1. Ordered by packing density, taken as the mean number of other Cβ atoms within 10 Å over each peptide's residues, highest first, how do 87-94, 368-375, 212-219, 179-186 rank?
2. Can you list, bin by bin at 10 Å, the percent of alpha carbon pairs in the stretch 68-214, starting at 0?
3. Please compute the net charge surrounding A273, taking Lys and Arg as +1 and Asp and Glu as -1 over other residues with Cβ under 13 Å from its Cβ.
4. For a Förster distance of 51 Å, can you work out the FRET efficiency between the beta-carbons of F129 and D289, rounded to the nearest 0.05?
5. Rounded to the nearest 20 debye, what is the charge dipole size of the stretch 354-396 about its Cα centre when +1 sits on each Lys and Arg Cβ and -1 on each Asp and Glu Cβ?
6. Just to be sure I understand the curve: with the Debye formula and one point per C-alpha of the stretch 332-396, what is log10 I(q)/I(0) at q = 0.12, 0.19 Å⁻¹?
7. Just want to confirm a number: the relative contact order over the chain, from Cα pairs under 8 angstrom separated by 6+ residues, in percent.
8. If you wrap a convex hull around the alpha carbons of the stretch 214-254, what volume per residue comes out, as a whole number of Å³?
Amino acid sequence: MTKNLWTKKYRLFFSILIVLLLVVYYLILPKYAANIDAKMNDATGQPPYKVTEAAQNLHDSLIVADLHADFLLWNRDFLKEYDYGLVDLPRMQKGNLSLQAFTIVSKVPKGLNIHKNTADTDQITLLAFAQHWPFKSLFSLKERALFQAEKLHDFAGKAGDQFVIIKSKGDLADFVNLRNAGKKVSAGFLGIEGAQILEGDIANVKVMYDAGFRMMAATHFFDTELGGSAHGVSLGGLTDFGREVFKEMQERGMLIDIAHASPAMIDDILGFASTPIVSSHTGVRGTCDNQRNLSDDHIKGIAKSGGVVGIGFWETAVCETSAAAIVRAIKYVTGLVGVDHVALGSDFDGAIQTPFDSGGMALITQELLKEGFSESDIRKIMGENTIRVLAQVLPD
Ligand SMILES: [Zn+2]
């Protein structure tokens, strides 16, 4: 065989290979990611949701706030309504979900469980690659956070006056005034699920603040430089670095979130903090006893700090997939510490199954009415408590 023929064969081989790789990258991987999204973020109930007229009327008059959703992890257009996933702007508007925390996920170990995980593996790298995230975000958790913050800002730009990002007391007051004037504007604020995105560098607290983040949890599923996860290995308390981070967050006006923290870490944070503490998405052991959920003592500690417990909508949080189970947990918290310290923390789009998507929030209002909560209590639980805490913590 001549040299020329070999060269031709190689050329053909590499051309086919490149075409195949392009097909995989541009056609197959995004589909694969969308399939995972649809499979993992699922509601058991679908619209139209059955709500009584009285419940719907009350619900439509509320400002509804939710402390946790991982929407930014997925490649969906916020302005478009999807028939999969759990939250987007059209469904927020339908469900009168007025204020949503957009929490970013940066690293999730393989074989995820609520008992014991290490940081040795990660499922987000492949997902990020499949969704065409910027190259630098494949190798840096900090860049993953910054990219997701940028996504929300891009969406807000496109949404015009339908959606605002809240970063200060002034932004919050403007939003509440618009809502009270009958304008159906929606709002969001940025949070972080696991301080591994700081990459161990205190200077990154300011980087995250400047990127718009106003809430952060010390840990997600594994231990970080700040201390132990409830699902990690050490189950340790707050480290000196963690103290330094939280001190700076308090000074800047960022909410400290204890979701996913180990019990020792929660004790340390509650002992240390001088601003209201939140658990952005959780259940309570009083109605659903497992390692993911809060003990009575920790609920009391959060209440004492002036903060709120955001009740999750999925099975590990409330031991059932139903509005009734969510309200059971809410009622347990109000029974323990009063009506001012409980809020919503759906975990929409957090790879969980919920009883309804963000268009079905009125089902909770209906269930609260059924359980005998007064109108003013319902206003607090559905949103005012979260707004009170934000108004207290956010910077001027
Ligand atoms: Zn979570």
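1. Most protected by this proxy first, the peptides run 212-219, 87-94, 368-375, 179-186.
2. Histogramming the stretch 68-214 at 10 Å steps yields 11, 38, 34, 15, 3, 0 percent.
3. -2
4. The value I calculate is 0.85.
5. So the dipole magnitude of the stretch 354-396 works out to roughly 40 debye.
6. Once normalised to I(0) and log-transformed, intensities are -0.37, -0.85.
7. Answer for the chain is 21 percent.
8. Per residue, the Cα convex hull of the stretch 214-254 comes to 54 Å³.
Rule-based calculations on the coordinates, nothing more; no lab input. These numbers were taken from a predicted model, which means no experiment stands behind them. Cβ sites come from the backbone with ideal geometry, for glycine too, and all protein chains shown count toward neighbours.
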